[in-house]
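Worksheet for the structure shown next.
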Amino acid sequence: MHPDPSPTAPVVREMSAELWRSAVRVLDTNWTGGHTVPSRTLNPHQWSWDTAFTAIGLAYVNPARAWRDLRTLFQTQWPDGRVPHIVFDPDVPEDAYFPGPAFWNMPAYAGRPAQGSTALVQPPVHALAAWEVYRHAAAHGADAVQQARTELGWLYPRLVAQQEYLGDRRDAGGGGLASIVHPWESGMGNSPAWDDALSAAPADLTLLPAGRRDPNLSDEEYARYLGLVRDYRDGGWSDTDLIGRHLFVVECPGFNAILATAELALAQIAGVLGRSGEASRHRKRAQVITAAITDRLWDPDTGFFHARDVRTGRLSPARSVSGLLPLMLPDLAAPQVAALLEELSSPRFGLPAPSYERTGPAFDTRGYWRGPVWINVNWLLRRGLLVHGRRREAEELSRRLVRLVHHHGHYENFQPEDGSGLGSPAFSWTAALCLDLLADRSAPAYARGSRG
Ligand code: GLC
C-alpha cells in the first residue's frame, strides 16, 4: 500500500479535517430524507447492517438522522421478529436493482412500505449501533440525550424480538447458534466459506435476469443464490423445519459473534432503561452463545473458527474474516484469543485483514468477499482487539484504515495488496466508520508509521 508521507502535526490535522468533511459529504449525499442508502449507484434501497454501521458514524454529526435511520428499518420488522435485509424504497424503479421487489413478491401488510422488503436477515449489529449512538448523545446537548433515551426505549423491545427470532426460530442445528439460510444473510455474500454448502443447491439458469449479471458471481453461483430465494418464497417464507426446507443452512462464526455482541449491548441498554434483571439475562445469553461458537465452530486442527454446514455437519475448510470475528467476545477462552491474535499477525491475514486468507486457494484480490479489505469487518476486529486489551494493535489498525481511506477514497472495499478502491466510490459505512476512527485517535499518532 502507499507509503505514508509522514506529515507534520498541522498537516495531519488538516488531512484529518479534510477526511472528516469528505466522510460527512458522503453521508449527506446518501441520505434520502428517510434513510441512508449504502451507495447511490449500486445499492439504492435501505440495507439492514449498513444502517447500523452508518448510525455509528452519524452519532458524531447528526444523531437525529441515526435514530431516524434505525427507526425506518425497525418499522419494517416482521411480526415474527425478523428485520429484513433490504427495505425497498417505493420511489426507486423496479429495474434499478435486482433482485428487486417483484422477485421477492412480498405481501404488503400494515406499517410496511408498499413495495415491502426481503425476507432474509443480516448480522444484527443494530443493538451495538443503538448503544454507540446513545453513548455519544451527551456531546450534542440535553435534547439529544432526551431523544436518545426515548429512541432506546422504542428500540429495545424490537431489538429483543430480533434476537429471539435469530436465537430461537433460526437455531436449526439445536446447538444454540443462529443459522443463516442464504449466503447474503452473512453480509459476506460470495465468501469462499459458503462454497461447499452452496454446491448442494441446483443452478437453475432460467432464473437469471436478461442482460443483468452480478459482477462478483459466476452465472452458476448467481442462479444458485436466486434459486434459494425462490424456494424460500415458494414456501411462504416459513421457518418451520429449516433443514428439511432449505438447501443452505449454515452456522457462520461472524454472524453468531455479532449475535452475542448484541446481547452485551442489550445488557447495557437494559441497564439505562432500568431493567437490571433483563441486563443479566442478556449477559448470560452472550456467554451461552460464546460457548456454543467455540463448541461447534472451532477446529483445533486449524486453530480457527469455520462455518458449519448444518445439513452435513461439516466445517468449511475456508479461513474467512468471519472466523476472526469471535475476537469481539470478552468471554472467549484464552487459547482461542491467542490463536486469533496470531492469525491476525500472520501472512494469512495481517492488518487490515482481507476478507479471506491471502494464501488460500480462492484468494482473489478484486473478488468482493474473496480477498478485498472491508472497513466494517476491520472496525469490528478493532473492537475485538480493544476487548482483549490490545490497544497498541487497535490503534495501529485504526491508523492503517484511516490512511487507506485518506489515500484512496470512501470506497466500498479495497484491493488488499495496493489498497486501490473497488466498488462504489462513495460508500456509506466506509465514510461513517471513518468518522468513528478519526474521532477516536490523536492527530500525532496519525503521522507515525510508514506503510499501510
Ligand atoms: C453487498 C454486501 C453486503 C451489504 C450490501 C449493501 O451485498 O455484500 O454486506 O450489506 O452490499 O451495501
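The values are calculated or read from the model by the stated rules, or taken from the named source; none is laboratory data. All figures in this text were calculated on a predicted structure; none of them were measured in a lab. Every residue, glycine as well, gets a Cβ built from its backbone with ideal geometry; the counts of neighbours run over all protein chains shown. Remember, those area values only see protein heavy atoms, side chains included, never the ligands or the DNA or RNA. Shrake-Rupley method; radii C 1.70, N 1.55, O 1.52, S 1.80 Å.
Please work out which one of (1) out of contact with any strand residue (DSSP E or B) (no Cβ under 9 Å at 6 or more places or on another chain); (2) open to solvent by 40 Å² or more (accessible area, probe 1.4 Å) is the condition His282 fails and give its number.
His282 satisfies every listed condition except (2).
Which of (1) surrounded by fewer than 24 Cβ atoms within 10 Å (Cβ to Cβ); (2) in a helix (DSSP H, G or I); (3) without any contact (Cβ under 8 Å) to a residue 40 or more places away in the chain does Gly33 not meet, given it meets every other one?
Gly33 satisfies all of (1) surrounded by fewer than 24 Cβ atoms within 10 Å (Cβ to Cβ); (2) in a helix (DSSP H, G or I); (3) without any contact (Cβ under 8 Å) to a residue 40 or more places away in the chain except (2).
Among what's in region 195-206 and is of a type in the set (A, V, I, L, M) and more than 16 Å from the ligand (Cβ to nearest atom), pick the residue that is most open to solvent (accessible area, probe 1.4 Å). If you could, list the steps in order and put the result at the bottom.
Of the residues in region 195-206, the ones of a type in the set (A, V, I, L, M) are 197-198, 200-201, 203, 205.
When the remaining residues are screened for being more than 16 Å from the ligand (Cβ to nearest atom), the result is 197, 200-201, 203, 205.
Details: Ala197: 10, Ala200: 52, Ala201: 4, Ala203: 37, Leu205: 99 Å².
Residue satisfying both the conditions and the ranking: Leu205.
Can you tell me which residues in region 57-80 are surrounded by fewer than 17 Cβ atoms within 10 Å (Cβ to Cβ) and of a type in the set (Asp, Glu)?
Asp80
Checking Trp298 against (1) open to solvent by 20 Å² or more (accessible area, probe 1.4 Å); (2) in contact (Cβ under 8 Å) with a residue 40 or more places away in the chain; (3) in contact with a helix residue (DSSP H, G or I) (Cβ under 9 Å, 6 or more places away or on another chain), which single condition isn't satisfied?
Result: Trp298 fails condition (2) only.
Scan region 223-237 for residues that are out of contact with any Pro (no Cβ under 9 Å at 6 or more places or on another chain) and under 14 Å from Phe103 (Cα atoms) and jot them down. Walk me through it before giving the result.
Step one: of region 223-237, the residues out of contact with any Pro (no Cβ under 9 Å at 6 or more places or on another chain) are 230-237.
If the condition is that a residue be out of contact with any Pro (no Cβ under 9 Å at 6 or more places or on another chain) and under 14 Å from Phe103 (Cα atoms), then Arg230, Asp231, Tyr232, Arg233, Asp234, Gly236, Trp237 are the ones that fit.
Tally up the residues in region 207-220 that are among the hydrophobic types (A, V, I, L, M, F, W, C) and within 10 Å of the ligand (Cβ to nearest atom), please.
Counting residues in region 207-220 that are among the hydrophobic types (A, V, I, L, M, F, W, C) and within 10 Å of the ligand (Cβ to nearest atom) gives 0.
Among (1) within 16 Å of the ligand (Cβ to nearest atom); (2) within 18 Å of Ala127 (Cβ to Cβ), there is one condition Arg170 misses while meeting the rest; what is its number?
So Arg170 meets the others, but not (1).
Looking at this structure, is Pro192 open to solvent by 20 Å² or more (accessible area, probe 1.4 Å) and within 16 Å of the ligand (Cβ to nearest atom)?
Numbers: open to solvent by 20 Å² or more (accessible area, probe 1.4 Å): no; within 16 Å of the ligand (Cβ to nearest atom): yes.
For Pro192, the condition - open to solvent by 20 Å² or more (accessible area, probe 1.4 Å) and within 16 Å of the ligand (Cβ to nearest atom) - is not met.
Give me the pairs: first residue in region 357-379 and closer than 24 Å to Asp436 by Cβ and in contact (Cβ under 8 Å) with a residue 24 or more places away in the chain, second residue more than 14 Å from the ligand (Cβ to nearest atom) and open to solvent by 50 Å² or more (accessible area, probe 1.4 Å), beta-carbon distance under 9 Å, and six or more apart or on different chains, which are they?
As it stands, the answer is Pro372/Asp364; Pro372/Arg366; Asn378/Arg400, since those pairs meet every condition given.
Report yes if some residue within region 318-336 is of a type in the set (Ser, Thr, Tyr), under 20 Å from Asp196 (Cα atoms) and touching a residue at least 40 places away in the same chain (Cβ under 8 Å); otherwise report no. Lay out the reasoning, then the answer.
First, pick out the residues of region 318-336 that are of a type in the set (Ser, Thr, Tyr): 320, 322.
This time we only want the ones that are under 20 Å from Asp196 (Cα atoms), so: 320, 322.
Those left that are additionally touching a residue at least 40 places away in the same chain (Cβ under 8 Å): 320, 322.
Yes, region 318-336 has at least one match.
Might you let me know whether region 248-271 holds any residue that is assigned to a loop (DSSP other than H, G, I, E, B) and open to solvent by 20 Å² or more (accessible area, probe 1.4 Å)?
Taking every residue of region 248-271 in turn, none turns out to be assigned to a loop (DSSP other than H, G, I, E, B) and open to solvent by 20 Å² or more (accessible area, probe 1.4 Å).
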